[in-house]
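Here's the structure, in structure tokens; my notes come after.
Rule-based calculations on the coordinates, nothing more; no lab input. As the structure is a prediction and not an experimental result, all values here were calculated from the model. All Cβ positions, even for glycine, are placed from backbone atoms using ideal geometry, and neighbour counts span all protein chains on display.
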Amino acid sequence: MTAPIWITGLIAFLASARLKPYRALGWSYLVSYAVFFALHGKNYYLAPIYPMLLAAGAVMIETAFSRPRLTWMKPAVVALLLIGGAFLAPVVVPIFPRDRFIAYMQHLPFKLAVMEHAHARAVLPQWYADQFGWNEIVAETALA
């Protein structure tokens, strides 16, 4: 949902005269992406670089939407991000019980990746499955 914003930020870092002093930030993303891609890095390794791209993209988009005919788009973009975030929140935050999350996954327009090779046939993604069982472990530890 935020790809148009951070891609705008990347393009702004690389091409905007306004952000020319920060051009190295755009290149740092491209070089980091190329290295992680070539070395088969995990998809979340680049996560720390996106806030700067989002900030630059938000500044450029806000500037573009400041024109009188386009001011209505600011609340529309915010609403779109909030609705999309609410729809996709269960993907990254374990807010549903296990059975409901499994049903939710089946209605997603994409398939969630299973991260551990040993659990390729698991129903839940590994990062989600790891959220369960802690109460039982704590109870057994307290008993011991």
Excluding residues on the same chain fewer than 8 positions from K111, give the aspartates and glutamates whose Cα lies under 18 Å from its Cα.
D99
Name the longest site-free stretch of the chain, where the excluded sites are trypsin sites (Lys or Arg not before Pro) in a DSSP loop with no more than 14 other beta-carbon atoms within 10 Å.
43-110
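Taking the beta-carbon count within 10 Å as an exposure proxy, list V123, V91 from fewest neighbours to most.
With the sparsest Cβ surroundings first, the list reads V123, V91.
Quickly estimate the mean residue ellipticity at 222 nm for the chain, helices only: each DSSP H run with n ≥ 4 gives -39500 (n - 2.57), and the total goes over all residues, rounded to 500.
So the calculated ellipticity at 222 nm is -19000 deg cm²/dmol.
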Please report the relative contact order for the range 12-144, taking Cα pairs under 8 Å with a sequence separation of at least 6, and give it as a percent rounded to a whole number.
11
FRET efficiency (F36, L112; Cβ distance; R0 22 Å; to 0.05) is 0.60
Correct option for Cα Rg over 2.2 N^0.38 Å [calculated from the coordinates] among [x] 1.39; [y] 1.00; [z] 1.24
[x]
For the V123, L143 Cβ pair and Förster radius 35 Å, calculated FRET efficiency rounded to 0.05 is 0.75
Output for the range 24-74: chymotrypsin sites (Phe, Trp or Tyr not before Pro) sitting in coil per DSSP, at most 10 other Cβ within 10 Å, listed by number, reads Y44, W72
For K42, which aspartates and glutamates qualify as cross-link partners when the Cα separation must be under 16 Å and same-chain residues fewer than eight apart are set aside?
E116
On a 0 to 90° scale, report how tilted helix 73-92 is relative to the longest principal axis of the chain, with both axes built from alpha carbons and the result rounded to the nearest 10.
20
Could you work out the local net charge near A64, counting Lys and Arg as +1, Asp and Glu as -1, over the other residues with Cβ closer than 14 Å to its Cβ?
+3
Separation in nanometres of the label points that stand 7 Å from Cα toward Cβ, at F87 and R100:
1.9
Can you compute the charge dipole magnitude of the range 1-91 about its Cα centre, using +1 on each Lys and Arg Cβ and -1 on each Asp and Glu Cβ, nothing else charged? Give it in debye, rounded to the nearest 20.
240
Round to the nearest 0.05 the FRET efficiency obtained for A24 and V59 when R0 = 25 Å and r is the Cβ-Cβ distance.
0.90
